[in-house]
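To start, the structure under review is shown below, and the notes come after it.
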């Protein structure tokens, strides 16, 4: 999401439900190349949180916050200034966001449309490759490399948790 390369992680994976084979609560501390830090919490045992996917990024210029439960708004808090709400399809969203916006502003768009956007981006790259060119400018979609990094992340989290939260480096 941030484009930063993960250097190492420390994970605590827990199965709170009796007899559960899979973890239902995950807490992971992250260290990125270059010194940035992050954290991840995912739980299926947090009553009242339904999905509640939230992404937050903080840096030297300010902070960003997005919540899946209200996917049409991104909160941008520039350092030393008031928080601004950037709406999907709004003037401040930018050309890249406008290119993949499917319905007019004011109409909800989100989770399911995200998959449609990924498929459309891949289709645009396939058509361009078939016609002898590279992907159109700005086209973005997950690649095989992203999948390999995701699997390496999971493997490192399991390895770390089994070693009582020891810091480990992902293998990809």
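Values quoted throughout were computed directly from the atomic coordinates according to the rules given, and no laboratory measurement underlies them. Quick caveat, the model's predicted, so the values are computed rather than measured. Glycine also receives a Cβ, built like all others from the backbone with ideal geometry; neighbour counts cover every protein chain displayed.
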How do 119, 32 rank when sorted from fewest to most other Cβ atoms within 10 Å of their own Cβ? 119, 32
The percentage of Cα-Cα pairs in segment 65-128 separated by more than 14 Å is 63
Please determine, in degrees from 0 to 90 and to the nearest 10, the orientation of helix 111-130 with respect to the longest principal axis defined by the Cα atoms of the chain, where the helix direction is its Cα long axis. 70
Please give the helix 144-162 orientation as an angle from the longest Cα principal axis of the chain, in degrees from 0 to 90, rounded to the nearest 10. 20
With springs connecting C-alpha atoms under 10 Å apart, model the chain as a Gaussian network and identify which of 120, 18, 91 has the largest mean-square fluctuation. 18
Which residue fluctuates most in the GNM of the chain (Cα springs below 10 Å): 49, 70, 25? 49
Residue order, fewest to most surrounding Cβ atoms within 10 angstrom, among 115, 153: 115, 153
Cβ-Cβ FRET estimate between residue 75 and residue 101, R0 fixed at 25 Å, reported to 0.05: 0.85
When only Cα pairs under 8 Å and 6 or more residues apart are kept, what is the percent relative contact order across the chain? 21
Spatial separation of Cα centroids for segment 131-155 and segment 69-103, in angstrom: 24
Of 82, 10, how do they rank once you tally other Cβ atoms within 10 Å and put the fewest first? 82, 10
At R0 = 25 Å the Cβ-Cβ FRET efficiency linking residue 43 and residue 162, nearest 0.05, sits at 0.80
Residue-normalised 222 nm signal for the chain, counting each DSSP H run of n ≥ 4 as -39,500 (n - 2.57), nearest 500 deg cm²/dmol, is -8500 deg cm²/dmol
